[in-house]
1. Can you pull out the residues in segment B:177-226 that are at pLDDT 80 or above and either basic (K, R) or farther than 23 Å from B:E142 by Cα (or both)?
2. Read through the list (1) assigned to a strand (DSSP E or B); (2) out of contact with any Leu (no Cβ under 6 Å at 6 or more places or on another chain); (3) open to solvent by 10 Å² or more (accessible area, probe 1.4 Å); (4) over 21 Å from A:K48 (Cα atoms), then give the number of the only condition that B:S616 fails.
3. Does segment A:119-134 contain any residue that is among the charged types (D, E, K, R), at pLDDT below 90 and part of a loop (DSSP other than H, G, I, E, B)?
4. Going by what's in this entry, would A:I93 be described as of a type outside the set (S, T, Y), more than 14 Å from chain B (Cβ to nearest Cβ) and within 19 Å of B:A626 (Cα to Cα)?
5. For segment B:12-32, what are the residues that are of a type in the set (D, E, K, R) and open to solvent by less than 10 Å² (accessible area, probe 1.4 Å)?
6. Mind listing just one residue for me: the one in segment B:593-612 that is among the β-branched types (V, I, T) and under 17 Å from B:P502 (Cα atoms) and, of those, farthest from the other protein chains (Cβ to nearest Cβ)?
7. Give segment A:28-69 a look and list any residue that's under 27 Å from A:A123 (Cβ atoms) and facing chain B (nearest Cβ under 8 Å), or say none.
8. Which pairs have Cβ atoms under 6 Å, sit 6 or more apart or on different chains, and link a residue in segment B:669-685 that is touching a residue at least 60 places away in the same chain (Cβ under 8 Å) and surrounded by fewer than 20 Cβ atoms within 10 Å (Cβ to Cβ) to one that is of a type in the set (S, T, N, Q) and not in a strand (DSSP E or B)?
Amino acid sequence: MAWQSNRRNYVIGSQVMEDKLQLLIWETNGQLYAGDVKYCLEVQNGKKILDVPHSKKYITGIVNLRGDIVTVLDLFVLMEQKDLPDKNKAVIIRLKDNDKQVAVMADSVFEVIELHSNMLESAENHLSEKEFKYIPYIARRENHLILIVNIPELFVIH
Amino acid sequence: MELDSLISDFVSEALELLQKAETRILELEEDYNIEKLHSIFRAFHTIKGNSGMFGFHVIQELSHKSEEILDAVRSGHLPYSRELADLLLKSIDRLKQILADIYNEKNYLISDLIEEITNFAQPSHTQTSKEVSVREEAPNLEILYSEQIKLALEKKLNLYYYLFELLEDSNLTLDELENKLKLVENEVLSRGLDYYSIPLIYEKKISLPYYFLILTQENIDAFETKLGLKAKQKITLHLHTQQKTEEKTNNITTNQTDFLRVKIDLLDDLINLVGETIITRNQLLQRAPLWNDPEGSSILSRMSQLITQLHTKIMNTRLQELSTVYQRISRIVRDTSKSLGKQVELKLEGGEVELDKTMIDTILDALVHLIRNSIDHGIETPEERKKLGKSQEGLISIRASLQTGTVRIQIEDDGRGLDYEKIKLSAIKRGLLTESRAQEISNEELTEFIFLPGVSTKENITETSGRGVGMDAVRNGLKKIGGTIHLTSVTGQGLKITATIPQTVSVISCLLILVNGRRFAIFQKYIAELLQFEEKNYSVINGHGMYQLRENLIPIIHLGKLLYGEDIQSKQQNSYIVIIRLDTYYFGLLFDEMLGTEEIVIKPLGEHFKGIKLFSGATIMGDGEAVLILDVFGIADYTGIHTIEVKTSKEIISKTKERGKGYVLFESSSQYFATLSSSIVSIERISTQSIYHISNIEVIEYKNDIVPIQRLEEIYNIEKQPDQKEKFVLICKIEERYLGILIDKVLDVIESLQLVPSSQHWQGEGILGHALYDQKPTILVDIEAILTKVNHTKFKWLGKVIEETMSLEVK
């Protein structure tokens with residue numbers, strides 16, 4: 001059947017994604033990003049991040065989130081982007097996968113949207129190898145480009 | 001889910017039974033006792049039954065086989081021997097392995113063990129065994145001496161079957177043996193050659209086995225010690241204390257209903273919740289002064305004490321006795337000494353000392369390594385020991401004790417001790433020591449090299465040790481839990497290792513400092529001294545910053561430079577130095593500002609920071625912000641500071657040992673006083689608003705405790721001057737209580753005080769003498785004596801009230 005031959009398995013990390021995805025959308029430096037909501041534990045405002053001397057460059061620091069010390073990662077350093085956005089962000093998004101936790105920063109968080117997996121497009125041809133590792137897919141919605149973040153990759157220790 | 005829970009309980013119980021069985025098997029080798037044999041049998045029997053219920057047939061079969069062979073021993077068809085013990089231990093190991101992977105139980109093969117056990121139990125096996133065993137073809141001693149056992153029961157005495165191998169064991173004649181026995185009160189009921197133990201004609205042994213059947217009230221170990229002899233074998237036929245032990249066991253069985261099995265995850269959750277409560281409490285305490293509500297503050301203060309008590313109780317739930325570690329150690333000593341062909345006696349003391357569970361796990365790893373090292377490197381072979389005039393059996397003793405929240409474990413052996421020449425050579429070879437320095441270095445300093453990676457005195461690497469990585473890992477493991485380790489040795493005589501570990505870790509007292517605008521915490525237990533930086537005392541020698549402190553030069557680490565790459569020259573004025581004391585050396589940390597002391601809850605840093613040695617964790621302050629905890633050991637390792645001027649550090653230690661003679665000079669109502677610095681636990685800066693009154697007694701809060709304070713003006717009738725906004729309290733510990741002396745300011749800390757003839761006017765309680773400081777008359781007082789007196793008089797009733805109130809609140 002035609003629809004079956006077009007059916008693809010969308011994979012993020014080692015997991016095959018469901019047909020319908022629930023994604024949390026956030027914005028950093030004018031660009032929209034999205035991540036599977038099942039990894040998103042909470043969103044916090046106005047938290048002070050403490051830098052940790054001698055830590056890797058992609059680590060912004062640590063932050064207190066409900067009594068836990070959580071490592072804050074800089075996605076842009078991980079993607080080896082040259083133009084790094086300002087580190088003073090208002091919002092922290094806490095991500096969790098089983099017993100692993102990290103956090104990323106954002107300017108603002110919008111909403112949770114539902115996207116059908118056939119709306120996703122591989123980002124391979126659009127991004128560098130490093131960027132593609134963290135942003136495997138892109139989606140378009142209402143004239144906006146959304147970069148889909150590979151959240152499980154953020155839990156990998158480098 | 002329910003089945004999973006039941007299986008989990010079964011596994012947990014089976015592991016516990018196996019552990020107990022293992023302990024009994026090892027004990028039986030030292031002292032054969034039928035009751036212990038029964039308990040081993042019961043363990044296998046219970047596991048067999050329970051595993052059958054769940055359909056774990058592999059476990060059931062192996063347990064059944066082990067039970068069968070034990071039954072053969074019980075009925076006298078098989079003697080209890082070392083080979084049998086080995087077999088049972090193998091069986092236990094295999095069962096533990098299977099239990100650890102219970103859901104794959106069916107995949108485990110046990111046919112090899114089953115065959116081994118079956119073959120062992122064959123009559124032909126025991127007949128052809130060449131090893132001499134006391135019970136080989138011997139009648140059951142309990143049956144043979146049943147009359148004597150009855151006599152022992154009537155007389156309420158112990159009955160022992162004591163076997164010597166004359167010429168082999170002690171080189172004694174029978175006369176000498178007889179005389180030895182007279183040293184201890186006993187009655188020899190029977191004696192003679194143990195015919196069943198006489199070596200067979202093809203054996204090379206020349207000794208003859210001679211037994212005594214002894215009736216005595218002494219415990220067997222005490223008996224042996226008093227006798228000054230070591231038997232080939234000692235069998236307890238009757239123990240008078242046995243009945244009492246059984247009653248006790250029954251009582252314990254009854255009392256076991258008072259205990260409840262609780263999952264560790266649940267306890268961990270409780271501890272986390274209490275930790276969060278402490279952080280929230282700290283936040284409230286920070287805000288309390290702004291409320292201007294004395295009643296509210298008082299309620300908060302009471303709540304604060306309750307939270308501290310709650311925390312202590314919860315931490316205590318995680319405490320486990322060291323005896324759980326000792327059980328494992330006994331097995332390791334047995335197996336390791338056997339594999340290395342050595343004979344080792346293990347003495348264990350202090351098994352009742354309790355440690356937090358996480359500490360127990362770390363301690364076990366460290367102890368296992370140290371014991372293996374001791375047996376491999378330290379204890380000589382029996383032949384070597386005989387040539388050296390030592391007993392053929394080496395001795396390893398482990399002693400544990402608890403002192404004010406710190407557990408001290410001493411491991412001592414009577415082996416060959418450290419070979420300092422070999423350590424020197426190894427250190428020179430690795431470039432850690434120059435030839436010239438090696439000429440003057442002391443043995444004490446050389447022991448430090450044992451802890452450096454790659455330093456080993458063993459020529460060959462064995463399965464057991466020799467790679468030179470073990471001691472380094474042991475020390476690091478202990479450091480991570482706030483512990484320390486120290487070695488002393490006399491070549492040829494043995495090695496003593498002393499490890500200290502905090503009993504629990506979670507809430508610790510810290511000094512908060514500021515570096516480059518960020519707060520950091522340092523464990524107070526490592527702080528020796530705090531000073532204000534003075535440029536004139538600072539110099540750079542061989543590229544290292546050094547600080548003149550009294551007569552010593554101490555290496556200094558500039559934290560701003562270490563952490564943020566700051567320029568050393570900037571910000572040195574108005575800085576502070578904290579002198580850190582680690583094991584046998586000292587160094588200083590230079591920082592910007594001192595913020596005070598606080599009790600903090602330690603939180604681990606994530607996996608991302610694993611490679612960073614400088615921090616041991618983080619904490620959350622009362623304002624909700626995270627603060628990093630400096631790891632002083634990590635800083636020392638990272639900067640290599642312990643290799644700098646070891647000689648100087650040694651001088652510092654010897655000077656510092658005399659620090660007890662140093663004096664703190666202070667002022668109260670314009671009168672100068674001096675007191676021994678060793679009397680003082682800490683000096684607290686307080687605001688006069690934080691002084692409360694309970695009846696006519698002034699009190700402050702210190703470490704969540706209500707501490708009464710005393711003014712010297714009242715003791716010595718000095719005219720009291722109006723209080724300034726800020727004052728100081730000298731905190732002392734008197735009879736397990738904190739008490740304080742309220743003063744106006746601290747003037748100085750000096751090493752020596754020149755006493756002058758005293759004026760009659762200034763005689764009085766607690767006055768030790770008089771001196772001049774800055775041309776002003778200064779009274780030397782013994783504040784400990786003063787506070788001890790008021791503790792028994794003025795503060796006595798207050799102590800009781802506080803205790804009673806707190807115990808009522810807890811109920």
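The values are calculated or read from the model by the stated rules, or taken from the named source; none is laboratory data. Just so we're clear, the structure is a prediction, and the values are computed from it rather than from any experiment. Here the Cβ is made from the backbone with ideal geometry for all residues, glycine too, and neighbour counts use every protein chain on show. Accessible surface areas use protein heavy atoms only, side chains included; no ligands, DNA or RNA. Shrake-Rupley method; radii C 1.70, N 1.55, O 1.52, S 1.80 Å.
1. Residue satisfying the conditions is B:R191 alone.
2. Failing condition for B:S616: (4).
3. The answer is yes; a qualifying residue exists.
4. yes
5. Listed by number, the list holds a single entry, B:E22.
6. B:I600
7. Once the filter is applied, which keeps residues that are under 27 Å from A:A123 (Cβ atoms) and facing chain B (nearest Cβ under 8 Å), segment A:28-69 yields A:K56, A:I59.
8. Final answer for the pair search is B:S669/B:Q721.
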